[in-house]
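Peer 1: Okay, here's the structure, questions in a sec.
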Amino acid sequence: MSEALWLALAAVLSVAGMAWLALAMDVHWVQVMGRPSHDAAGVPRLLRCIGAAALALSLLACLMADAPSMAVLVWVMLLAGAATSIALMLAWRAPALRLLWPWTRS
């Protein structure tokens with residue numbers, strides 16, 4: 001795969017990972033889903049696990065695209081951009097994040 005594809009994959013994984021980590025928090029879950037709690041007790045833990053896995057895979061994708069010294073810098077910048085974009089999404093278009101966790105009851 002080309003460097004651009006690895007970096008695009010890293011960006012998508014960073015944004016998805018940050019979104020899943022945000023959804024693991026009760027406050028953001030209510031903002032997005034409109035209900036006061038998660039469907040099951042294990043959902044927040046699962047969201048944290050897949051969010052962390054997505055961020056780790058994002059680092060791996062960055063390492064595939066560049067040399068380690070540059071890859072870590074790019075990854076940290078992607079994390080900052082992803083966190084900012086998810087914060088803005090939660091502020092203005094929170095229900096749009098439902099796409100990242102479609103297994104909830106209406």
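The values are calculated or read from the model by the stated rules, or taken from the named source; none is laboratory data. This one's a predicted model, so the numbers in the text were calculated from it and none came from an experiment. A quick note on method: Cβ atoms are made from the backbone with ideal geometry, for glycine too, and the neighbour counts reach across all protein chains shown.
Peer 1: If I filter the stretch 29-40 for residues that are over 30 Å from M1 (Cβ atoms), part of a helix (DSSP H, G or I), touching a residue at least 24 places away in the same chain (Cβ under 8 Å) and out of contact with any Lys or Arg (no Cβ under 9 Å at 6 or more places or on another chain), do I get at least one hit? I'd like the intermediate steps shown before the answer.
Peer 2: The initial filter retains those residues of the stretch 29-40 that are over 30 Å from M1 (Cβ atoms), namely 29-40.
After this cut, where a residue has to be part of a helix (DSSP H, G or I) as well, the list is 29-33.
Still in the list and also touching a residue at least 24 places away in the same chain (Cβ under 8 Å): 31-33.
Checking which are out of contact with any Lys or Arg (no Cβ under 9 Å at 6 or more places or on another chain) leaves us with 31.
Within the stretch 29-40, one or more residues are over 30 Å from M1 (Cβ atoms), part of a helix (DSSP H, G or I), touching a residue at least 24 places away in the same chain (Cβ under 8 Å) and out of contact with any Lys or Arg (no Cβ under 9 Å at 6 or more places or on another chain).
Peer 1: Do we have V32 as buried (at least 16 other Cβ atoms within 10 Å of the Cβ) and closer than 17 Å to L90 by Cα here? Steps first, answer last, please.
Peer 2: Numbers: buried (at least 16 other Cβ atoms within 10 Å of the Cβ): yes; closer than 17 Å to L90 by Cα: yes.
In short, yes.
Peer 1: Do you know which of the residues in the stretch 58-102 that are touching a helix residue (DSSP H, G or I) at 6+ places or on another chain (Cβ under 9 Å) and outside any helix (DSSP H, G or I) is nearest to W29 (Cα to Cα)?
Peer 2: Per the stated criteria, the residue is W101.
Peer 1: Report yes if some residue within the stretch 46-60 is out of contact with any Lys or Arg (no Cβ under 9 Å at 6 or more places or on another chain), free of Cβ contacts under 8 Å to residues at least 24 places away in the same chain and of a type in the set (K, R); otherwise report no.
Peer 2: no
Peer 1: Suppose we keep only residues that are of a type in the set (A, V, I, L, M) and modelled with pLDDT under 95 within the stretch 36-64. Which one would you say is nearest to W20 (Cα to Cα)?
Peer 2: Initial filter on the stretch 36-64 (of a type in the set (A, V, I, L, M)): 40-41, 43, 46-47, 50, 52-57, 59-61, 63-64.
In the following step, the residues that additionally are modelled with pLDDT under 95 were identified as 40-41, 43, 46-47.
Numbers: A40: 16, A41: 16, V43: 11, L46: 9, L47: 5 Å.
The selected residue is L47.
Peer 1: Can you find even one residue in the stretch 7-17 that is more than 24 Å from R93 (Cα to Cα) and assigned to a helix (DSSP H, G or I)? Please lay out each step first, then the result.
Peer 2: At the first step, the residues of the stretch 7-17 found to be more than 24 Å from R93 (Cα to Cα) are 7.
The next check asks that each one be assigned to a helix (DSSP H, G or I); those that pass are 7.
Scanning the stretch 7-17, I find at least one residue that is more than 24 Å from R93 (Cα to Cα) and assigned to a helix (DSSP H, G or I), so the answer is yes.
Peer 1: Restricting attention to the stretch 2-28, which residues are closer than 16 Å to C49 by Cβ and either touching a strand residue (DSSP E or B) at 6+ places or on another chain (Cβ under 6 Å) or crowded, with 18+ Cβ neighbours inside 10 Å (or both)? Step through it out loud before you land on a result.
Peer 2: If we filter the stretch 2-28 for residues that are closer than 16 Å to C49 by Cβ, which is where we start, we get 13, 16-25.
Hits for the stretch 2-28 are L13, A16, G17, M18, A19, W20, L21, A22, L23, A24.
Peer 1: Tally up the residues in the stretch 58-92 that are within 11 Å of S14 (Cα to Cα), crowded, with 16+ Cβ neighbours inside 10 Å and of a type in the set (G, A, S), please.
Peer 2: 4
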